[in-house]
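Written below as structure tokens is the structure these notes are about.
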Amino acid sequence: MNEKLAKIREEAIAQILAADAPEKLNEVRVKYLGKKGELTAVLKGMKDVSAEDRPKVGQLVNETRAAIEEILESTKTKMERALREEQLKAEVIDVTLPAKKEERGHRHPNTIALEEVERIFIGMGYEVIEGPEVEYDLYNFEKLNIPADHPAKDEQDTFYINKEIVLRTQTSPVQARIMEEGKLPIRMIAPGRVFRSDEVDATHSPSFHQIEGLVIDKHISFADLKGTLEVFAKELFGEETKTKFRPHHFPFTEPSAEMDVSCFKCGGKGCRFCKGSGWIEILGCGMVHPHVLEMCGIDPEEYTGFAFGVGLERIALLKYEIDDMRLLYENDVRFLKQF
Ligand SMILES: [Zn+2]
């Protein structure tokens with residue numbers, strides 16, 4: 001029995017010393033001290049030991065058990081300490097390394113341009129109003145004097161959801177909605193996303209942004225329109241900027257005009273930027289058509305007004321001298337970082 005216990009002790013210690021991980025130690029504990037372990041088996045065999053030898057053998061078993069446990073414990077402690085030290089070494093902070101640069105996002109050129117336009121009009125007492133991007137045909141076309149058979153309706157290449165519902169092709173329906181509410185006078189701009197089934201190229205996109213403006217009050221004349229848009233152009237492109245109005249046609253305004261601004265690059269002498277003309281086309285505008293006022297419940301005998309629409313991308317492209325509209329939508333950080 002003595003020899004057997006000595007052998008168990010020797011084997012157990014050898015395995016403990018050979019263990020290279022806490023799990024291995026646990027395996028040794030189970031193998032020798034566990035319920036089905038070798039030492040327990042010896043205790044179970046005590047019934048074969050003579051009565052007078054039992055206490056002595058029992059003591060020997062306990063001593064062996066204590067010895068194995070002790071060495072198990074001390075080895076475990078040593079192992080854990082070593083592991084912790086290794087971990088600390090691995091986690092050491094090198095204070096001489098350069099710090100990680102904090103990457104901050106910033107506003108998109110479209111947003112910068114929009115905020116600039118909003119600032120100018122809010123300064124003139126305008127409200128900023130938004131409307132739905134999915135719109136009734138009624139508001140997108142009919143109430144703006146574009147009846148079902150009007151050629152402008154084909155021209156616009158609209159995304160139809162069904163016969164009555166479209167993705168708005170312009171932000172003008174917001175004007176019709178506000179006029180219908182009947183709270184006069186009106187002084188508003190309506191910025192927002194619009195949709196047309198255009199192919200993507202340097203100057204077209206199926207989705208872009210417009211800013212629509214509307215003023216309705218008593219005694220509003222074309223002079224008010226010209227004065228307002230002149231202030232807008234000067235604020236946006238500089239005090240030296242001149243404006244020029246060319247007659248045009250829009251179904252919802254009469255008379256209608258397109259406004260050009262003098263080239264802010266060459267001051268009007270003519271350059272590559274303005275294609276030699278000295279002028280840059282910037283927006284469409286006009287006096288609200290009496291029929292539109294009527295359809296929206298406003299008496300055209302009492303009230304008059306003007307409206308204008310400008311492409312947000314057009315402003316961003318001009319302001320930052322970007323020659324391809326696609327750059328605004330690709331969200332390439334290397335491009336966007338420049339603004
Ligand atoms: Zn020019």
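The values are calculated or read from the model by the stated rules, or taken from the named source; none is laboratory data. Worth saying up front: this structure is predicted, and the values here are computed from it rather than measured. Positions of Cβ are backbone-derived with ideal geometry, glycine not excepted, and every protein chain shown enters the neighbour counts.
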Q.
So, CYS285, is that one away from the ligand (no atom under 16 Å from the Cβ) and touching a Gly at 6+ places or on another chain (Cβ under 9 Å) or not?
A. yes
Q | Residue in region 210-223 that is under 17 Å from GLU281 (Cβ atoms) and either surrounded by fewer than 16 Cβ atoms within 10 Å (Cβ to Cβ) or in contact with a Cys (Cβ under 7 Å, 6 or more places away or on another chain) (or both) present | A | no
Q: Being touching a residue at least 40 places away in the same chain (Cβ under 8 Å) and either in contact with a strand residue (DSSP E or B) (Cβ under 8 Å, 6 or more places away or on another chain) or farther than 19 Å from GLY58 by Cβ (or both) is the filter here, so list the residues in region 1-19 that pass it.
A: ILE13, ILE16, LEU17, ALA19
Q. Which condition number does THR304 fail, the rest of (1) away from the ligand (no atom under 16 Å from the Cβ); (2) β-branched (Val, Ile, Thr); (3) at pLDDT below 95 being met?
A. (3)
Q.
Just to be sure I understand the filter: pairs with C-beta atoms under 6 Å, separated by 6 or more residues or on different chains, first member in region 258-283 and among the aromatic types (Phe, Trp, Tyr), second member more than 7 Å from the ligand (Cβ to nearest atom) and outside any loop (DSSP other than H, G, I, E, B). Which pairs pass?
A. PHE264/PHE237; TRP279/ASP260
Q.
So for region 325-333 (the condition being hydrophobic (A, V, I, L, M, F, W, C) and either without any contact (Cβ under 8 Å) to a residue 40 or more places away in the chain or within 14 Å of the ligand (Cβ to nearest atom) (or both)), does at least one residue qualify?
A. yes
(Q) For region 250-267, which positions are surrounded by fewer than 18 Cβ atoms within 10 Å (Cβ to Cβ) and within 16 Å of the ligand (Cβ to nearest atom)? (A) LYS265, CYS266, GLY267
Q. Before we move on, is GLY213 free of Cβ contacts under 8 Å to residues at least 12 places away in the same chain, closer than 22 Å to GLU254 by Cβ and either touching an Asp or Glu at 6+ places or on another chain (Cβ under 9 Å) or not basic (Lys, Arg) (or both)?
A. no
**Q.** Selection from region 106-124 of residues that are among the basic types (Lys, Arg) and either closer than 14 Å to PHE208 by Cβ or assigned to a helix (DSSP H, G or I) (or both)
**A.** ARG119
Q. Somewhere in region 226-239, is a residue within 15 Å of the ligand (Cβ to nearest atom) and surrounded by fewer than 19 Cβ atoms within 10 Å (Cβ to Cβ)?
A. yes
